[in-house]
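Q: Structure in structure tokens, see below.
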Amino acid sequence: MLESGWLTMGEVSAKFEDEFKAYTGAKHAFAVSNATVALHMACLALGIGPGDEVIVPSLTFVATANAVRYTGADPVFADITSENDLTLSLESIRQALSPRTKALMVMHYAGYACDMPAILQWAAEQGLPVIEDAAHAVGSFLNDKHLGTWGAAGCFSFFSNKNLSTGEGGMVVTDDDALAEQFKLLRSHGMTSLTWDRHQGHAWSYDVVTTGYNYRIDELRSALGRVQLDKLDANNARRSALTARYRELLSELCPALGLPFEGHPGISAHHIMPVLLPRGTERIRFMERLKEQGIQTSIHYPPVHTFSAYREGAIGAEHLPLTDDVAAREVTLPLYPTMTDDQAQLVALAVARALGD
Ligand SMILES: Cc1ncc(COP(=O)(O)O)c(C=O)c1O
């Protein structure tokens, strides 16, 4: 690839997109610099702008809400479904609806599906498009349909900790030809032809038809992405087996620990392994105890409505009791495809010890 001398978006990126389309079943796919810009483009292509509201989860990475703010619109926070289902609740979405609502943005937490059939049906009744933040969900399916291909647009992340990683990178997919046209323009300065097209003799010059961005991926990352896509199913199968092992061990060793997504429908990519500490457990102390044993943990997520940049005037913040409760108790345990069963057992035993203290 390097020997070809072509480093910016070209043939390898086009192949990566084709393979991603074949894998997900999406009609159109555009490789981009990261998922945050994919979300931004999805908002822009749907015409979201100042004065509009977009309903989003608060239990997500801040990028979900930031993408809405980039357009001048306001994110409106909705609650999760339950302690077992950490994805957006349709009932809470309904409560968040206002005359200003322009779209919904759902996030498939840890790769587990939001209730897309019900959410899409309700959204269609309201005439609202649904954007899927599928950053966790490459290789996740519901009713045999890949997550990210249910709504108007789906946004994937290839950040270094993701199931398919290119260091930084992302993909936006859609079945809608008009949105696809927008994505092509927005990704590259609103230009009607790209350097690669001109190199191939498809065009001599170009027009600029909208104020676009440089949200392109490059050939190096696309090459990584193609190899990673080949490995995805095997890696996700390993994540799935490890998750099952964790569940088995933890439910036996720590019955008071919450293990969300028990019996959740669909096939998850098992991006992360969230657990919920019993109420009253000192979370930081628990995490320190694991760290002392060489076990890294993290939190998914500090809810967006609690951040300094969001706290003041966060719309919907008073209606998030489940998010507030779960976010204060959540800890994410190590989970990666090269992890061994013995390592999972070691972590489970360490969790039981840390909870016992
Ligand atoms: C739920 C969610 N949305 C969006 C993003 C943003 O992805 P990226 O880092 O590729 O911009 C992430 C990545 O961490 C994420 O976890």
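Results for (1) assigned to a helix (DSSP H, G or I); (2) in contact with a strand residue (DSSP E or B) (Cβ under 7 Å, 6 or more places away or on another chain); (3) surrounded by 21 or more Cβ atoms within 10 Å (Cβ to Cβ), shown as yes or no for each residue.
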{"site": "LEU232", "(1), (2), (3)": "yes, no, no"}
{"site": "ALA237", "(1), (2), (3)": "yes, no, no"}
{"site": "GLU262", "(1), (2), (3)": "no, no, no"}
{"site": "ARG279", "(1), (2), (3)": "no, no, no"}
{"site": "GLU288", "(1), (2), (3)": "yes, no, no"}
{"site": "HIS300", "(1), (2), (3)": "no, yes, no"}
{"site": "VAL331", "(1), (2), (3)": "no, yes, yes"}
{"site": "ALA344", "(1), (2), (3)": "yes, no, yes"}
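Q: Next up: Which residue out of LEU355, LEU290, LEU349 is of a type in the set (A, V, I, L, M, F, W, C), over 17 Å from VAL62 (Cα atoms) and in contact with a helix residue (DSSP H, G or I) (Cβ under 6 Å, 6 or more places away or on another chain)?
A: Selected residue: LEU290, the only one of LEU355, LEU290, LEU349 that is of a type in the set (A, V, I, L, M, F, W, C), over 17 Å from VAL62 (Cα atoms) and in contact with a helix residue (DSSP H, G or I) (Cβ under 6 Å, 6 or more places away or on another chain).
Q: Given the conditions (1) under 16 Å from TYR246 (Cα atoms); (2) in a helix (DSSP H, G or I); (3) out of contact with any helix residue (DSSP H, G or I) (no Cβ under 7 Å at 6 or more places or on another chain), and given that GLN296 satisfies all but one, which numbered condition is not satisfied?
A: Only one criterion in (1) under 16 Å from TYR246 (Cα atoms); (2) in a helix (DSSP H, G or I); (3) out of contact with any helix residue (DSSP H, G or I) (no Cβ under 7 Å at 6 or more places or on another chain) is unmet by GLN296, namely (2).
Q: Now for a separate question. For LEU355, are the conditions met, namely being on the phi < 0 side of the Ramachandran plot and surrounded by fewer than 21 Cβ atoms within 10 Å (Cβ to Cβ)?
A: It is true that LEU355 is on the phi < 0 side of the Ramachandran plot and surrounded by fewer than 21 Cβ atoms within 10 Å (Cβ to Cβ).
Q: Still on this structure: Would you be able to tell me the number of residues in the stretch 15-43 that are within 13 Å of the ligand (Cβ to nearest atom) and over 17 Å from the mean Cα position of the chain (by Cα)?
A: Total meeting the criteria: 0.
Q: Go through ILE295, ILE272 for me and flag whichever is under 30 Å from ASP74 (Cα atoms) and either of a type in the set (A, V, I, L, M) or out of contact with any Cys (no Cβ under 8 Å at 6 or more places or on another chain) (or both).
A: None of the other options fit; the residue is ILE272.
Q: Of all the strands (runs of 3 or more DSSP E) wholly in the stretch 10-85, which have at least 3 residues that are touching a strand residue (DSSP E or B) at 6+ places or on another chain (Cβ under 9 Å) and among the aliphatic types (A, V, I, L, M)?
A: Ranges flagged: 28-32, 53-57.
Q: Check LEU242 against each of (1) part of a loop (DSSP other than H, G, I, E, B); (2) crowded, with 18+ Cβ neighbours inside 10 Å and name the one condition it does not meet.
A: For LEU242, the failing item is (1).
Rundown of residues vs (1) within 12 Å of the chain's Cα centre (by Cα); (2) closer than 20 Å to LEU232 by Cβ; (3) at pLDDT 95 or above, yes/no style:
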| site | (1), (2), (3) |
| --- | --- |
| LEU97 | no, no, yes |
| ARG100 | no, no, yes |
| MET105 | yes, no, yes |
| ALA118 | no, no, yes |
| GLU125 | no, no, yes |
| VAL138 | yes, yes, yes |
| PHE141 | no, yes, yes |
| GLY151 | no, no, yes |
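Q: For the stretch 59-85, give me each residue that is within 14 Å of the ligand (Cβ to nearest atom) and either without any contact (Cβ under 8 Å) to a residue 40 or more places away in the chain or within 13 Å of the chain's Cα centre (by Cα) (or both).
A: LEU59, THR60, PHE61, VAL62, ALA63, THR64, ALA65, ASN66, ALA67, VAL68, ARG69, TYR70
Q: Could you please let me know if GLY169 is of a type in the set (Gly, Ala, Ser) and within 10 Å of the ligand (Cβ to nearest atom)?
A: It is true that GLY169 is of a type in the set (Gly, Ala, Ser) and within 10 Å of the ligand (Cβ to nearest atom).
Q: If I go through the stretch 179-218 residue by residue, how many of them are out of contact with any helix residue (DSSP H, G or I) (no Cβ under 8 Å at 6 or more places or on another chain) and either buried (at least 20 other Cβ atoms within 10 Å of the Cβ) or aliphatic (A, V, I, L, M) (or both)?
A: 5
Q: Only one residue in SER193, SER188 is more than 13 Å from the ligand (Cβ to nearest atom), of a type in the set (Gly, Ala, Ser), over 22 Å from VAL106 (Cα atoms) and out of contact with any strand residue (DSSP E or B) (no Cβ under 9 Å at 6 or more places or on another chain). Which one?
A: That would be SER193, the only listed residue that is more than 13 Å from the ligand (Cβ to nearest atom), of a type in the set (Gly, Ala, Ser), over 22 Å from VAL106 (Cα atoms) and out of contact with any strand residue (DSSP E or B) (no Cβ under 9 Å at 6 or more places or on another chain).
Q: So, in the stretch 138-166, of the ones that are in contact with a Ser or Thr (Cβ under 6 Å, 6 or more places away or on another chain) and more than 9 Å from the ligand (Cβ to nearest atom), which residue ends up nearest to ALA38 (Cα to Cα)?
A: Residue satisfying both the conditions and the ranking: ALA153.
Q: Out of all the residues in the stretch 119-137, is one or more assigned to a helix (DSSP H, G or I), more than 12 Å from the ligand (Cβ to nearest atom) and closer than 15 Å to GLY266 by Cβ?
A: Yes, because at least one residue in the stretch 119-137 is assigned to a helix (DSSP H, G or I), more than 12 Å from the ligand (Cβ to nearest atom) and closer than 15 Å to GLY266 by Cβ.
The values are calculated or read from the model by the stated rules, or taken from the named source; none is laboratory data. The structure presented is a predicted model; accordingly, all values stated were derived computationally and were not measured. Every residue, glycine among them, receives a Cβ derived from its backbone with ideal geometry; neighbour counts consider all protein chains shown.
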